[in-house]
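Q: Could you have a look at this structure, given as structure tokens, before my questions?
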Amino acid sequence: MGERRVRSTEEWLDYFQQNAARQRPIPWQTNGIGADPAELASIRRSLQAWQLGETSDGAHLAASADRYATATGDPAYRDVIDLFIREEQRHGALLGRVLDDAGIPRRRADWGDTLFRRLRYSITDIEVWTTPVVMVETLAMVYYNAIRRATGSPVLRAVCAQILADEVPHVQLQCERLAVLLHNRSRARFRLTMLAHRVLFLVVMLLVWAGHHRALRAGGFTWTHYRRAAYAKMRRGWQRMDPQRYVWT
């Protein structure tokens, strides 16, 4: 039996518009970010790669969202995705300033970012696009929690707190959209879809660990801790994707 309703596109549009105006203050400093060089050594390469991943122009996503909005007669969905893209780009800008102020050069290429971008660029279906994105966003919550724990920098900790606050609604948005897309799917097909999700999530989780395990360990996340935290968050996401969780009118 459904427990709640899926929020309308207009409600999500209102959320993103309001959220853009209530960003947390970041205690930027005039000389660096107040981080110990030893702690930066453990996380700098990871921050460079993650910052690169947050700087996509979103053109392919916007095109997929536009096709979906047209097909479903929901033009506001494109506006929601535009604001979602801007919020992700704002995260990239925040991390970019952290790197600049810390004297760490920005990277122009990273194998993980290249792999994920190629995957996204080959996708036009909104369901197939949304699936890996919600998984990466879920893992981002584990990642930024680890970075926040790995540093004493008030600047970087505040940036992580802002991004974490934004990521929770991001995951909720994508999970609700998947629930809409899966609404008319039979329970047998839904279970097969969730099985495919679990296989893909394992792959994405391993890739993130391969690229960022040093930074994750610096934040106290061993492989076991990371895996448990990741699955705990993703299980909540899978629950939010279940159409039976919602009341449909």
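Q: Going toward the positive end of the dipole of the chain, with +1 on Lys and Arg Cβ and -1 on Asp and Glu Cβ, which of Ala179, Leu207, Gln17 do you reach last?
A: Leu207
Q: Please tell me the relative contact order of the chain in percent, rounded to the nearest whole number, where contacts are Cα pairs under 8 Å and at least six residues apart. Please list the in-between numbers first.
A: Working: 269 pairs, mean separation 80.8, N = 249.
In percent, rounded to a whole number, it is 32.
Q: Quick check on segment 157-235: take the gyration tensor over C-alpha atoms, sort the square-rooted eigenvalues as a ≥ b ≥ c, and tell me if it's rounded (a/c under 1.5), prolate or oblate. If you can, show how the numbers build up before the last one.
A: Values: a/c = 3.23, a/b = 1.56, b/c = 2.07.
In terms of gyration-tensor shape, oblate.
Q: Another one. Can you compute the helix-only [θ] at 222 nm over the chain? Use -39500 (n - 2.57) per DSSP H run of at least 4 residues, normalise by all residues, nearest 500 deg cm²/dmol.
A: Details: 9 runs with 185 residues, N = 249.
The per-residue figure over the chain is -25500 deg cm²/dmol.
Q: Let me ask you something else. Using alpha-carbon positions, what is the distance between the centroids of segment 50-91 and segment 137-191, in Å?
A: After rounding, the separation between the Cα centres reads 16 Å.
Q: Here's a follow-up. Please list 26-36, 153-163, 235-245 highest first by mean number of surrounding beta-carbon atoms within 10 Å per residue.
A: Working: 26-36: 13.8, 153-163: 21.4, 235-245: 16.6.
Peptide ranking by packing, descending: 153-163, 235-245, 26-36.
Q: Moving to a separate point now. Quick one: helix 223-241 against the long Cα principal axis of the chain, what's the angle to the nearest 10°, folded into 0 to 90?
A: Computed tilt is about 30 degrees.
Q: If you roll a 1.4 Å probe over the heavy atoms of the protein chains, what accessible area per residue do you get for the chain, in Å²? List each step's numbers first, then the result.
A: Details: 11970 Å² over 249 residues.
Normalised by residue count, the accessible surface of the chain is 48 Å².
Q: While we're on this one: Taking the Cβ of Gly237 as the centre, find all other residues whose Cβ is under 13 Å away and add up their charges (Lys, Arg: +1; Asp, Glu: -1).
A: Values: positive: Arg177, Arg198, Lys233, Arg235, Arg236, Arg240, Arg245; negative: Glu137, Glu167, Glu176, Asp242.
Surrounding charge for Gly237 is +3.
Q: Can you tell me the 0 to 90 degree angle between the C-alpha axis of helix 9-20 and the longest principal axis of the chain, rounded to 10?
A: Approximately 10 degrees, to the nearest ten.
Q: To the nearest 0.05, what FRET efficiency results for Glu10 and Leu200 with a Förster distance of 22 Å applied to their C-beta separation?
A: Details: r = 31 Å, r/R0 = 1.40.
Result of the calculation: an efficiency of 0.10.
Q: Now for a separate question. Helix 59-72 versus the longest principal axis of the chain: what angle, 0 to 90°, nearest 10, using Cα atoms?
A: 20
Q: Moving to a separate point now. If R0 is 51 Å, what FRET efficiency do you get for Asp125 and Trp28 from their C-beta distance, rounded to 0.05?
A: Working: r = 41 Å, r/R0 = 0.80.
Plugging the Cβ-Cβ distance into 1/(1 + (r/R0)^6) gives 0.80.
Q: Further question: Suppose a student asked you for the relative contact order of segment 1-103, using Cα pairs under 8 Å spaced at least 6 residues apart; what percent would you report?
A: Normalised by residue count, the contact order of segment 1-103 is 43 percent.
Q: Can you tally the net charge around Met205? Count Lys and Arg as +1, Asp and Glu as -1, for every other residue whose Cβ sits under 14 Å from the Cβ of Met205.
A: Numbers: positive: Arg198, Arg227, Arg228, Lys233, Arg235; negative: Glu137.
That works out to +4.
Q: At 1.4 Å probe size, with the rest of the protein present, what percent of the exposed accessible area of the chain is carbon and sulfur atoms? Can you show the working numbers first?
A: On the way: 6320 of 11970 Å².
Taking all protein chains in place, the chain shows 53 percent carbon and sulfur surface.
The values are calculated or read from the model by the stated rules, or taken from the named source; none is laboratory data. These figures come from a predicted structure and were not determined experimentally. Every residue, glycine as well, gets a Cβ built from its backbone with ideal geometry; the counts of neighbours run over all protein chains shown. The protein model used for the area step is the full one, side chains on, heavy atoms only, and it has no ligands, DNA or RNA in it. Shrake-Rupley method; radii C 1.70, N 1.55, O 1.52, S 1.80 Å.
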